[in-house]
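Structure, as structure tokens:
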Amino acid sequence: MAPLISSSSLRLPPQASAYVAAGAAASLSVLILRRAFAGSFQVPHPDDDAGITPSPLTTVLPHLTPAEIKALPYPPDALPGARDVPSPYGTFRVYEFGPNDGRKVLFVHGISTPSIGLAPIAQRLAERGCRVMLFDLFGRGFSSLPPSNIPHDTRLYTTQIHLALASSPVSWTSPSLDDITTDNPSETANRSPTYSMSSAHSSPSRTSPPPGFTLVGYSLGGGLAAAFTSHYPNLVHSLVLLAPGGILRPEHVTTTSRLLYYAPRALLPDWLAERLRPRPHSGSGRGPDPDAAPLLADRPASSVSGAVAWQLAHHAGFARAVLGCLREGPIHGQGRAWGRVGAGVAAARGRGREERRAVSKVLVVLGQRDGVVRADEVGRDAREALGEENVVVVVLDAGHGVPYECPEEVVGVMERNWRE
């Protein structure tokens, strides 16, 4: 029996045959690529912990004795008011202490030193009546590292700031009569938010806290704090930037740093980037190393260098978090975001004149001997980006470790900026 369709009836012209062959090859290539990368681009379910790297809080500390934990350079009870906040990106560590009704101050630390690096300032402010909050950025300290498909850019850390604020039993949105007259945190947890970039500018006290909160960012945290404020100007009544990243000049980026910042991960894998990454330093260049000095008076091992070394050795996500921030964080090129911050201050000042109230300028505190964030350049560039009338620049006798080299002076200029 003859076939219904003969081979001759399927014969195609040479040109058409070439098209069919090319199409088949392309289809086969797509199929191979889909199978090869089938698991590479799967996003974990929001309720799934797949891809999250836990912190030493669960991987290391359970295997240590109480004496060994107490001797750590960053012990889990280094600061009061500790809590661990669950999130879709992993659990992260928050500290909150000070009077419920005090002026509220939120801290964002730098790229490698966890929140303990800002403890000298936070403790002094709490002693003066402020309510302070610190947290470990994802992948640092006692915070988990999110899955590898989450970029370490301003979107991640802006979200973390919101999550930290939302986790508080005390309202960080605006003061009310109840904030002043009650000591029950649960009564103030669900207030309706009204924010303002302005402030009453009284000295820190338990009787007249301004609306919103002061946001303090150090180094990388300065770039993150400025980026947050540029998007949410009405949440922050006072912005303080300590040796901040964000507007560092591109000409100071070395060839090695350019590889770290801009090379795709496929071309520069994390293990190689970690070998190239420069180690943090204060940049003071004279006298005792401030990075080796104790951050807490009662914890002699609590130093910046000790905390960084301990994270490198015991936090499986630390190096990846640092590299992610170098590649995707707000270290350079944030002039437009800073410009929005300046515009927000100027607009608040205009409203303040109409309502006869003071408005806070952005406070930028720099170290004269800082080899990372150069005081002459960043001070000039901050005035240009923010607007001369919207910023106060103060230069102290310090290296890059401004918040722990001279914490008393930093607190003093913060209080002066609040009053003025």
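Just wondering, is there one or more residues in segment 121-128 that are assigned to a loop (DSSP other than H, G, I, E, B) and of a type outside the set (Asp, Glu)? Steps first, answer last, please.
Taking segment 121-128 and keeping what is assigned to a loop (DSSP other than H, G, I, E, B), we get 128.
After this cut, where a residue has to be of a type outside the set (Asp, Glu) as well, the list is 128.
Scanning segment 121-128, I find at least one residue that is assigned to a loop (DSSP other than H, G, I, E, B) and of a type outside the set (Asp, Glu), so the answer is yes.
List the pairs whose first member sits in segment 93-108 and is within 30 Å of Pro146 (Cβ to Cβ), whose second member is assigned to a loop (DSSP other than H, G, I, E, B) and among the aromatic types (Phe, Trp, Tyr), and whose Cβ atoms are under 8 Å apart, counting only residues at least 6 apart or on separate chains?
Pairs found: Arg93/Phe142; Lys104/Trp172; Leu106/Trp172.
Which number in (1) modelled with pLDDT of 95 or more; (2) under 22 Å from Val411 (Cα atoms) marks the one condition that Leu235 misses?
With respect to (1) modelled with pLDDT of 95 or more; (2) under 22 Å from Val411 (Cα atoms), Leu235 is out only on (1).
For Ala313, state whether it is within 23 Å of the chain's Cα centre (by Cα) and without any contact (Cβ under 8 Å) to a residue 24 or more places away in the chain. I'd like the intermediate steps shown before the answer.
Details: within 23 Å of the chain's Cα centre (by Cα): yes; without any contact (Cβ under 8 Å) to a residue 24 or more places away in the chain: yes.
When the stated conditions are applied, Ala313 passes them.
What are the pairs, 6+ residues apart or on separate chains, where a residue within segment 403-420 that is closer than 13 Å to Gly367 by Cβ and of a type outside the set (Phe, Trp, Tyr) has its Cβ under 9 Å from a residue that is assigned to a helix (DSSP H, G or I) and at pLDDT below 95?
Glu405/Pro290
For residues that are within 23 Å of Val373 (Cα to Cα) and among the polar types (S, T, N, Q), scanning just segment 89-122, find the one that is surrounded by the fewest Cβ atoms within 10 Å (Cβ to Cβ). Break it down into steps so the answer makes sense when it comes.
Our first condition is that a residue be within 23 Å of Val373 (Cα to Cα); within segment 89-122, this holds for 106-122.
From what's left, among the polar types (S, T, N, Q): 112-113, 115.
Numbers: Ser112: 23, Thr113: 28, Ser115: 27.
For segment 89-122, the residue satisfying everything is Ser112.
Here are the criteria: (1) open to solvent by 10 Å² or more (accessible area, probe 1.4 Å); (2) at pLDDT 95 or above; (3) outside any helix (DSSP H, G or I). Tell me which single one His162 does not satisfy.
That leaves (3) as the condition not met.
Does Ile116 meet the test of being in contact (Cβ under 8 Å) with a residue 60 or more places away in the chain and under 23 Å from Ala319 (Cβ atoms)?
Details: in contact (Cβ under 8 Å) with a residue 60 or more places away in the chain: yes; under 23 Å from Ala319 (Cβ atoms): yes.
When the stated conditions are applied, Ile116 passes them.
Provide a single number: the residues in segment 359-398 that are more than 16 Å from Leu248 (Cα to Cα) and touching a residue at least 24 places away in the same chain (Cβ under 8 Å).
Qualifying residue count for the region: 15.
Considering only helices (runs of 4 or more DSSP H) fully contained in segment 308-420, which possess at least 2 residues that are surrounded by 23 or more Cβ atoms within 10 Å (Cβ to Cβ) and at positive phi? Walk me through it before giving the result.
Working: elements: 318-328, 335-355, 375-386, 402-405, 407-419.
Because the criterion is at least 2 residues that are surrounded by 23 or more Cβ atoms within 10 Å (Cβ to Cβ) and at positive phi, no helices (runs of 4 or more DSSP H) in segment 308-420 meet it.
Scan segment 78-96 and give yes if some residue there is over 21 Å from Gly221 (Cα atoms), part of a helix (DSSP H, G or I) and out of contact with any strand residue (DSSP E or B) (no Cβ under 9 Å at 6 or more places or on another chain), otherwise no.
Within segment 78-96, none of the residues are over 21 Å from Gly221 (Cα atoms), part of a helix (DSSP H, G or I) and out of contact with any strand residue (DSSP E or B) (no Cβ under 9 Å at 6 or more places or on another chain).
The values are calculated or read from the model by the stated rules, or taken from the named source; none is laboratory data. Note that the structure is a prediction, hence the values are computed from the model and not measured. Here the Cβ is made from the backbone with ideal geometry for all residues, glycine too, and neighbour counts use every protein chain on show. Side chains are part of the model used for accessible areas, which takes the heavy atoms of the whole protein and leaves out ligands, DNA and RNA. Shrake-Rupley method; radii C 1.70, N 1.55, O 1.52, S 1.80 Å.
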